[in-house]
1. For the stretch 142-160, indicate whether the set of residues that are in contact (Cβ under 8 Å) with a residue 60 or more places away in the chain and within 16 Å of the chain's Cα centre (by Cα) is non-empty.
2. Given the conditions (1) charged (D, E, K, R); (2) assigned to a helix (DSSP H, G or I); (3) modelled with pLDDT under 95, which single one is not true for R75?
3. May I ask you to say which residue of A8, A41 is under 28 Å from D166 (Cα atoms) and touching a Phe, Trp or Tyr at 6+ places or on another chain (Cβ under 8 Å)?
4. For the stretch 43-66, name all the residues that are open to solvent by less than 60 Å² (accessible area, probe 1.4 Å), assigned to a helix (DSSP H, G or I) and not aromatic (F, W, Y).
5. Going by the conditions given, is E34 open to solvent by 80 Å² or more (accessible area, probe 1.4 Å) and either assigned to a loop (DSSP other than H, G, I, E, B) or within 30 Å of P200 (Cα to Cα) (or both)?
6. Among the listed residues R81, R89, identify the single one that is open to solvent by 70 Å² or more (accessible area, probe 1.4 Å), in contact with a Leu (Cβ under 8 Å, 6 or more places away or on another chain) and at pLDDT 95 or above.
7. Only one residue in V4, V87, V94 is closer than 20 Å to L136 by Cβ and of a type in the set (A, V, I, L, M, F, W, C), so which one is that?
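The values are calculated or read from the model by the stated rules, or taken from the named source; none is laboratory data. Computed from a predicted model, the values in this text were never measured in an experiment. Ideal geometry is used to build each Cβ from the backbone, glycine not excepted, and the neighbour counts take in all protein chains shown. To get the accessible areas, we keep the full protein, side chains included, count just its heavy atoms, and leave off ligands, DNA and RNA. Shrake-Rupley method; radii C 1.70, N 1.55, O 1.52, S 1.80 Å.
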Amino acid sequence: MSIVTREAYAEAFRSVTGRPLVKLTQANGRPDSEIVFEMLAINGIVAEDDHLPTFLDALAGAFGARRRRLAKDGRMMPGARDALKAVARLDGVVQSVLTGTIKSNAVHKLTAFSLDKHIDFEIGGYGEEVYPKATLLQVAQGRAKQRYGATFDGRNTVLIGDSARDVQAARIAGAAMIGVASGRSLPAELHEAGADVVLPDLSNPSEVVAAVAGLTTPARRAGHSPAGR
């Protein structure tokens, strides 16, 4: 967790429970909803029905109050902004977010680094939704279909992520997968998990565009693997 996120969790915990947060839990790519339940448990709080929505509301407020610090205390993956811009030029492409972070905080994070311009947040999947990541991907596809009137499924969906857990979600949902070896998982781990393409980072927008285009070719949509994997 970043320092801003840790502080927001601590403030939300105190607000909801009336007690200081003593023990932190590791995020490890898990959704905020899962982290909240574990954080309550390891700090001796028995979760009740209203704990999750109340905690997430408090977390949103605490994080939002610190949003101006994000650009200074956080970091953007090199090439992310140019990669989003380049992929947006592909015909028919819609870009969104699949994240364990709750929606309001995800918007703050991307906006802080000017990464929001090419993102449709309304069709994404977020940490307040208690679904496994693969199911959340399918939920996002349904939202995209409702919003744009086109079918989004495993034949034309590409997930870009940096962990073996992301790859597994894509495989279960039937989507194509671009693994980015940002440090959370090694290239070999991403390949072994089943990523279709593994990139060292996002610093070369042309590579990202080529990977997305190659994984959404008519051949793939017909059920065949793309050439040049």
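1. Within the stretch 142-160 (the criterion being in contact (Cβ under 8 Å) with a residue 60 or more places away in the chain and within 16 Å of the chain's Cα centre (by Cα)), the answer is yes, since at least one residue qualifies.
2. (2)
3. Working: A41 fails: touching a Phe, Trp or Tyr at 6+ places or on another chain (Cβ under 8 Å).
Result of the check over A8, A41: A8.
4. Result: H51, L52, L56, A58, L59, A60, G61, A62, G64.
5. No.
6. Answer to the check: R81.
7. On the way: V4 fails: closer than 20 Å to L136 by Cβ; V87 fails: closer than 20 Å to L136 by Cβ.
So the residue among V4, V87, V94 that is closer than 20 Å to L136 by Cβ and of a type in the set (A, V, I, L, M, F, W, C) is V94.
Okay, residues lined up against (1) among the aliphatic types (A, V, I, L, M); (2) part of a helix (DSSP H, G or I):
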residue: A12; (1), (2): yes, yes
residue: L21; (1), (2): yes, no
residue: G92; (1), (2): no, no
residue: A106; (1), (2): yes, yes
